[in-house]
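The values are calculated or read from the model by the stated rules, or taken from the named source; none is laboratory data. Owing to the predicted nature of the structure, the values given are computational and were not obtained by experimental measurement. A quick note on method: Cβ atoms are made from the backbone with ideal geometry, for glycine too, and the neighbour counts reach across all protein chains shown.
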C-alpha cells in the first residue's frame, strides 16, 4: 500500500529510520532530492530528504524537533502516511572528481549517504567527516565505514572520535589530501561554518538547504534564499547550492520565523501525549 | 408584468460579522428569489449573453427552466455546458462577460439579469436535492488522455473528454485536487466543500485523479508521451512574482501564494487545530490591485488584523480586481492607498518587517496595456507601519514542469505557445490551456480553454483534424 511504513528503527534518541512504500519515488529519485510528506489530514507539509532507495520503497530519517516530526517518529510499522510527494528538487551533480570531502551532521548524515554512495560508484575517493553532539548522535556509522576511504568522527563532548566540530575535521583532511569538491549536509549553522571554512580553503562546497517550505514545487516562495545576491527558491532551484554564496544569516533568521507557533504546537501536543523524552 | 430594474439582491453576511469568520459571504438565492430573478430575463431571441460566456452556456435555456420551477432540468442544461457551475456561479466575473451583454442591462437605469447568481442557485439546488446524479453513458473510445494539473482548465478538459468516452488520467502535484480553487481562492468566497463536490462530479465521469504526482518528477514526460494518445497541460501560472525590493526576505513578508496556500489549502486559520501556522499581523500592507490582493487582504482581516491597507500604484479606475470584490473589501474596512509604490521593506534587528517605505505616483501616458503608466513623484517618500506584508503582484509560469517538457515552445514570458484555435502546442499530441498559456487570468477563461482544447483533442484523436499537419 502506497506510503505505508514498511520498517521503522531507532537510530538515536528522537531519531528514527523509516522505509516507506512508494514505487514512484523508488523508481525516480536521484541522490540529493527530497520529498514532501504530510502525516495526516490536519498535518503540515514538511520536506524530508531521501536516505536510500529500494525496489518499491524509499528510506527517510526523521528527527523529532517539533510537533510534526514527533508525530512522524511516533508512527509505527504498517501505519500509512497521508501524503508523500516526490521526488522534488534537483539531483546532486555527481561525476568523477577524484578526492571528495563529505561532511555530515545530525540527520544531514542520512541525506549525505545516497550522495556518498553515488560518488563512490563514480570512482571518487571519499573523505568523510561525521559530527554529532555525542557518540549516540553520530548515526549510520557502519554504513559510512563501508564506503569511506577516510573517516573522521567529531563529537562536541569528545565521547567519540575527536573532541571538536566538523570544521576541525575539514582541516585534518585538507592537510593530508588535495580535495576537488566537498558536500556538507547538516544543521544550517553547521553548513554555514563549513562554507566559511571552504571559502578560506578555496574549496568548492555544495550544501543542501532545508528552509521552511509549504508546497515544495515552486509555488509559494516560502523557501526563498539569497544565493550570490539572487533570489532563489530552494525547492526548485536547489536544494543544493554553492555554500560560499549562500546568505546564511538571512536563512537562519528565516528558519526562526515560526518559532512561537512551533512552540505553541509542541506544547499543546505534549499536553495531549505526555512526556516525549523516551522517544 | 414589467420586470424590476434592479437585480434581486443576494443575501449576504453582514460585514461586521463576516470579518470575524471564514464562512461564505454571499449566502445564495432562495427558490423564490431565484424565480423572481429568472422572470427578469426577456428570453430575447438574440441572447447575446451566450456569446459572452467562455463556455457558451445556454443561458436563456437554464433560466427559462428556473422560471418554470423545473430546477432539475435547469441543472441538466447547465451541466451540459459547464462541469463546474457552483464554482463559476461564485467566482466568474459575470459583469464583464454574460451580464455585460444582457439586453435587460441595456435598458436605461436597469441592471442585467443576475446570471451568475442564478447559475449558483441551480448548481446548489441540484447538490441539495438530486441525490442520484445520473451520468449519461458513453461509448468508450479506447483512447487515453493525460491531463496535467487539476485546476479549472484541467478539470474542465478532463470532464468533457470523459463525457466523450475517453479514458482520462489527471495528474496533480498537491495533495488535494482543484489547483487555484483550493489553494488560492478563500473559503469565504468559494467554500472548499463546493470544490470537493464539483471534483466528485468530475470523478463520477470516470476521470481518475492522481494526487501527489508531480509530472516531470514522479512520472516522466516521456512516459506520458508513450502511454497516452494525447496530453493536455493545464498547470496554471503558479510561481509568485516578487518585486525584489530590499527587504523582500525579511520575516513577515509573504507572497500572496504562500499566504493564501497556508490559509486555504493548509487551513492555517484553524491553527493550532491544523498544524500549519500563518503569521497574524496587526498592521498589514497588501501590495497589488487584483483579485488575489483582495483575497489576501480580506483573509488577513479575518485572521484578526487591526488594520489592512492595500497599496496600488495606479488608481481605483485601473485596478483589475472585480468591482464586487473591491466593494466587499471596502465594506469590511480595508483601506486603499492609490498611486502608491513600495520601495523597500524596513526590518528590525531581528530581521522582522516593521514598515514599508513607499513613494507616491502620478499617472502619465498610457502604456502597452492601455492603462496610464504610473510615474514616481520626486520627494514624496513616506513610511507605512506594518508587521506583515503580502505581495500580490502576479505570478509567472511554473518552471517546475515546463523545464521537463523538451520541444515545447515558450514565449518570452515563459508561457506555452499554442495555436489560438486548437490549443495545440508545438509538440505533437500535446495541447495546453489556461494560465500557463495566457498568464494569470480568470477561472472561467481557464475553463473555456479546457473546454475548447477538449473539443480539438477529440477531433485530433478521432482523425478528423491534425493540428500538426
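Annotations
- Restricting attention to the stretch A:244-264, the residues being crowded, with 19+ Cβ neighbours inside 10 Å and without any contact (Cβ under 8 Å) to a residue 12 or more places away in the chain number 1.
- When residues of the stretch B:312-334 are limited to those that are outside any loop (DSSP other than H, G, I, E, B) and out of contact with any helix residue (DSSP H, G or I) (no Cβ under 9 Å at 6 or more places or on another chain), the one farthest from residue B:93 (Cα to Cα): B:330
- Test: residue in the stretch A:148-167 that is in a helix (DSSP H, G or I) and within 16 Å of residue A:199 (Cα to Cα): yes
- Residue among B:176, B:141 that is within 13 Å of chain A (Cβ to nearest Cβ), touching a helix residue (DSSP H, G or I) at 6+ places or on another chain (Cβ under 8 Å) and part of a loop (DSSP other than H, G, I, E, B): B:176
- Residue in the stretch B:388-396 that is within 14 Å of chain A (Cβ to nearest Cβ), closer than 17 Å to residue B:285 by Cβ and touching a helix residue (DSSP H, G or I) at 6+ places or on another chain (Cβ under 6 Å) present: yes
- Hey, residue A:39 within 13 Å of chain B (Cβ to nearest Cβ), under 30 Å from residue B:404 (Cα atoms) and free of Cβ contacts under 8 Å to residues at least 40 places away in the same chain or not: no
- The stretch B:182-218, residues that are assigned to a loop (DSSP other than H, G, I, E, B), closer than 21 Å to residue A:26 by Cβ and touching a residue at least 24 places away in the same chain (Cβ under 8 Å): B:211, B:212, B:213, B:214, B:216, B:217
- Residue A:129 being in contact (Cβ under 8 Å) with a residue 40 or more places away in the chain, within 18 Å of the chain's Cα centre (by Cα) and part of a strand (DSSP E or B): yes
- Counted as qualifying within the stretch B:219-296 are the strands (runs of 3 or more DSSP E) with 3 or more residues that are at pLDDT 95 or above and within 10 Å of chain A (Cβ to nearest Cβ), namely B:253-255.
- Residue check, residue A:158 away from chain B (no Cβ under 14 Å), at pLDDT below 95 and either within 20 Å of residue A:177 (Cβ to Cβ) or touching a helix residue (DSSP H, G or I) at 6+ places or on another chain (Cβ under 8 Å) (or both): no
- Within the stretch A:3-25, the set of residues being at the interface with another protein chain (Cβ under 10 Å from one of its Cβ atoms) and in contact with a strand residue (DSSP E or B) (Cβ under 6 Å, 6 or more places away or on another chain) comprises A:3, A:22, A:25.
- For residue B:364: the one exception among (1) under 20 Å from residue B:287 (Cα atoms); (2) in contact with a strand residue (DSSP E or B) (Cβ under 6 Å, 6 or more places away or on another chain): (1)
- Some residue of the stretch A:169-181 being without any contact (Cβ under 8 Å) to a residue 60 or more places away in the chain, away from chain B (no Cβ under 14 Å) and closer than 30 Å to residue A:2 by Cβ: no
- Strands (runs of 3 or more DSSP E) enclosed by the stretch A:194-271 - at least 3 residues per element that are more than 12 Å from chain B (Cβ to nearest Cβ) and under 17 Å from the mean Cα position of the chain (by Cα): A:204-208, A:240-242
Conditions tested, residue by residue: (1) crowded, with 22+ Cβ neighbours inside 10 Å; (2) modelled with pLDDT under 90; (3) within 19 Å of the chain's Cα centre (by Cα); (4) part of a helix (DSSP H, G or I).
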position	(1), (2), (3), (4)
B:75	yes, no, no, yes
B:113	yes, no, no, no
B:125	no, no, no, yes
B:132	no, yes, no, no
B:135	no, yes, no, no
B:147	yes, no, yes, no
B:154	yes, no, yes, yes
B:161	yes, no, no, yes
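- For the criterion of being assigned to a helix (DSSP H, G or I) and either within 14 Å of chain A (Cβ to nearest Cβ) or under 22 Å from residue B:448 (Cβ atoms) (or both), residue B:401 passes.
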